[in-house]
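Working notes, structure below.
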Amino acid sequence: MRTARISEQGVRAVAFWKGGKSCEITSQSRWPHACCSSLREQTATLCEEMLQSINDGKTDGVHQKTLNRLTRFIEQFKQMNFANDAEMEAQLEQVRRELLTRTAAEYRDSRSAQRSLRQGLGDLAGKARELAQADARELVQQFGQLGQRRFHLAA
């Protein structure tokens, strides 16, 4: 869920994330950077948890529930991407195209597909961590400009 409110200080957005995590963003603060980093960190954490689940699984590790979790996360990320983090969104879309076109049963039946899934999740986790640590000032500035445009249009 995303909301935006106009205040005397400019545009404010409050982003709510599943699991009760939330952060309040103002275009004049460093919170947009923190929330972008948080979404990226959550991406990395999810991939690592999925890899753990796959490696610990009793039926060759790949379950449809695990794949569905990633699909839901990608949809939630798109909804939460108020700062237009195009790079992370593109990474997630690539994962959807390359890794989420097979069923869990198809992954269980193919060792090479399992390797591809593990490699893709590992690569996404690494890229998400790298992006989370990168300077997101450009994203913060885009968010502030977007808010200013909407504010001017509404006035």
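Residues of segment 102-116 that are in a loop (DSSP other than H, G, I, E, B) and among the charged types (D, E, K, R): R102 alone.
Restrict the check to segment 79-95 and report whether at least one residue is within 20 Å of G126 (Cα to Cα), more than 12 Å from the chain's Cα centre (by Cα), at pLDDT 95 or above and not β-branched (V, I, T).
Residues of segment 79-95 within 20 Å of G126 (Cα to Cα): 81, 85-95.
Okay, now just the ones that are also more than 12 Å from the chain's Cα centre (by Cα), so 94.
Filter again for at pLDDT 95 or above, leaving 94.
Next, from what is left, pick out any that are not β-branched (V, I, T): 94.
Yes; the residues of segment 79-95 include at least one that is within 20 Å of G126 (Cα to Cα), more than 12 Å from the chain's Cα centre (by Cα), at pLDDT 95 or above and not β-branched (V, I, T).
Only residues that are free of Cβ contacts under 8 Å to residues at least 40 places away in the same chain and either outside any helix (DSSP H, G or I) or surrounded by 14 or more Cβ atoms within 10 Å (Cβ to Cβ) (or both) were counted in segment 72-90, giving 4. Would you check if there is a residue in segment 102-113 being within 20 Å of the chain's Cα centre (by Cα) and of a type in the set (S, T, N, Q)? Looking through segment 102-113, none of the residues is within 20 Å of the chain's Cα centre (by Cα) and of a type in the set (S, T, N, Q). Is it the case, given these coordinates, that A104 is within 20 Å of L51 (Cα to Cα), crowded, with 20+ Cβ neighbours inside 10 Å and either in contact (Cβ under 8 Å) with a residue 12 or more places away in the chain or among the charged types (D, E, K, R) (or both)? So A104 passes the test.
Which residue, of Q148, Q119, is at pLDDT below 90, part of a helix (DSSP H, G or I) and surrounded by fewer than 17 Cβ atoms within 10 Å (Cβ to Cβ)? Unique residue meeting the criteria: Q148. Scanning segment 35-90 for residues that are within 20 Å of S110 (Cα to Cα) and of a type in the set (D, E, K, R) yields D56, K58, D60, K65.
The values are calculated or read from the model by the stated rules, or taken from the named source; none is laboratory data. All values derive from a computational prediction rather than experimental measurement. No Cβ is skipped: glycine too gets one built from the backbone with ideal geometry, and neighbour counts run over all protein chains shown.
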